[in-house]
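One structure is given here, and the rest of the page talks about it.
Just so it is clear, none of the values below were taken in a lab; they were calculated from the coordinates. What you see is a predicted model; the values in this text were computed from it and never measured. Neighbour counts are summed over all protein chains in view; Cβ atoms, including those assigned to glycine, are modelled from backbone coordinates with ideal geometry.
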Amino acid sequence: MYRKLELLIAFVASVVMSMTCFSAEKPVKVYILSGQSNMVGIGQVTGGGSRWGTQFTEIEVSVYEGEYNSGADYNSLKPLKTIKPESFGGVNPTPYPGGGTHVARGFVTVEDSGVYEFRPGYGGSTVNLMEVDGKQVHVKMPEGESEFIPIKLTGGKKVPFKIIYLNAQANGLGWLARVDIPGTLSTVVRQDGKFPYLLNDRGGWVSRDDVWYKGVVTAGANQWLSVGCGASANSIGPELGFGHKLGDYHDEPVLLLKASQGNRSLAWDFLPPGSQRFEDDGFVYAGYKDSPARWEIGSTPEPINWYAGKQYDDCFSEAHKVLENFEQNFPQWKGRGFEVAGFVWWQGHKDQGSLVHAQRYEQNLVHLIKTLRTEFDAPQAPFAIATIGFGGWEMEGNALTVAKAQLAVSGVNGKYPEFKGNVHTIETRDFWRDESISPRNQGFHYNQNAETYMLVGEALGDAILRLMK
């Protein structure tokens, strides 16, 4: 009897083990994100950094014997030499002497009161520890990533600073950023207390180890999902909120593959393959691969250096290249394979510049959904769309026509029965933030307000989850 029980326990254990192994090897979930500049990502992380220089005074650089020693007290050790550099910061700081561990000391005075982020070094010289007014503001160990800890400073008040460089590439380069400007991600998260999941326990930005971001054409970061995957290292797009939603949901790893480009229309640049010419008010409008965008009926068009659908071809051919070389591009997932699990589309600004393009938007969007699903062999993959939301609920004219077209294709309204349960459009007009609480007065980029981009990303993630459930 005991022998039978032992065999049964062993059998159950082997089944559980095999199920665990099978679960661990499920394909990576791939989400393809596309659109124009707001999908590229223009939400500001901070108010922008500038090279430091005249804020720093009474600089001394001391050289201590040997390589950096974490147990050494560099305040009490006697230096081998000390210099007073003529230039600190700027473009051409005075070179450090070399020959040991370098420690820079002095004072820093900011002009305006506020919360600041210090970014010491460039390239190899970023491997350092920095303190301002006795508080640690930057940490980067040789094998780690930079961690920035914001500090509140009073304008006009001189406070001490110290930088300990951990390798031989020390120099006086650095950047300083104000991080409490309204509408920036730093202010929204650290001052307003929103999206707390973006911070780690040290107050730095979280980097996920289960969601990888890969951008092609633009926004070309290639890293675990964190802040800075937008148009620059100081910007975000909807991928951030979206990636956290899907990363939390899936047991499998997630790949966000973003193929996007600014200032592009669906009726011309992103026109999907198979789109046909049509006539309107005396003009022929281009079908896929036609050039130019339109010409008078009865005339012979002279092609230009662009064609209808070129941006579609450029973006999605690059996406194909990434997936066709999946294991080479993502060796951490070798042997797992992948599944195109969904699509995200946020675009429409350029189409509002033409009445004809705005009126054609719904038809083109239906065709885009079907074409992408066919092209990536994902016929029922969830498809989430974000409306344009410029101006919030005061939107009018061609912009309103485009927004209504985007809402019309959503499967919840029944206009397209084949989209029921697999296409969902989220409304973004509630997420509009005006220039008074934003980093920029730039309406076509949602005033670069990071909260807007986070809310759009989260809502797109929720739309995908709703469709999957």
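Quick check for you: which residues of the stretch 85-116 have the amide N under 19 Å from the point 7 Å beyond the Cα of GLU147 toward its beta carbon? Answer for the stretch 85-116: 116. Annotation: extensible slack from GLN276 through LYS194 equals 24.9 nm (criterion: 0.36 nm per residue apart, minus Cα-Cα distance). Estimate the FRET efficiency between LYS321 and THR57 by the formula 1/(1 + (r/R0)^6), using the beta-carbon distance for r and 35 Å for R0, to the nearest 0.05. Once the sixth-power term is evaluated, E becomes 0.10. Restricting attention to the chain, close to 65% of DSSP beta bridges with both partner residues there are antiparallel. Charged neighbours of LEU173, selected by a Cβ distance under 10 Å, balance to +2 (K, R count +1; D, E count -1). Computed about the Cα centre, the dipole magnitude for the stretch 50-180 is approximately 260 debye when only Lys and Arg (+1) and Asp and Glu (-1) carry charge, each at its Cβ. Put a plus charge on the Cβ of each Lys and Arg, a minus charge on the Cβ of each Asp and Glu, and nothing anywhere else: the dipole of the chain about its Cα centre is then about 620 debye. Note on the stretch 42-108 and the stretch 222-298: Cα centroid distance 44 Å, given to the nearest whole angstrom.
Once you have the alpha carbon radius of gyration of the stretch 49-178, what is it after dividing by 2.2 N^0.38 Å, with N set to its residue count?
Dividing the Cα radius of gyration by 2.2 N^0.38 Å gives 0.98.
Give the lysines reachable from LYS334 as a straight Cα distance under 26 Å; neighbours fewer than 8 places away on the same chain don't count. Qualifying lysines at Cα under 26 Å: LYS26, LYS29, LYS214, LYS245, LYS258, LYS321. Dividing the mean sequence gap of close Cα pairs (under 8 Å, 6+ apart) by how many residues the chain holds gives a relative contact order of 18 percent.
Taking other C-beta atoms within 10 angstrom as a stand-in for reagent exposure, ARG336, ARG264, ARG277 fall in the order ARG277, ARG336, ARG264, fewest first. Full extension of the chain between VAL356 and LYS404 yields a length gain of 15.8 nm, computed as 0.36 nm times the residue separation minus the alpha carbon distance.
Applying both filters, DSSP loop and at most 16 other Cβ atoms within 10 Å, to the trypsin sites (Lys or Arg not before Pro) of the stretch 361-419 gives LYS415. Among ALA72, VAL61, THR109, whose Cα lies farthest out toward the positive end of the dipole of the stretch 49-178, if unit charges sit on the beta carbon of Lys, Arg (+1) and Asp, Glu (-1)? The Cα lying farthest towards the positive end belongs to THR109.
At q = 0.10, 0.12, 0.13 Å⁻¹, work out log10 I(q)/I(0) for the chain with the Debye formula, treating every Cα as an identical point scatterer and leaving solvent out; two decimals please. Reported log10 I(q)/I(0), two decimals: -0.84, -1.04, -1.14. Projecting the Cα positions of VAL322, THR428, THR187 onto the charge dipole of the chain (unit charges on Cβ atoms of Lys, Arg, Asp and Glu, taken about the Cα centre) puts THR187 furthest along the positive direction.
Mean separation of Cα pairs under 8 Å and 6+ residues apart, divided by the residue count of the stretch 309-402: what relative contact order is that in percent? Numbers along the way, then the final one.
Values: 71 pairs, mean separation 32.5, N = 94.
Value for the stretch 309-402: 35 percent.
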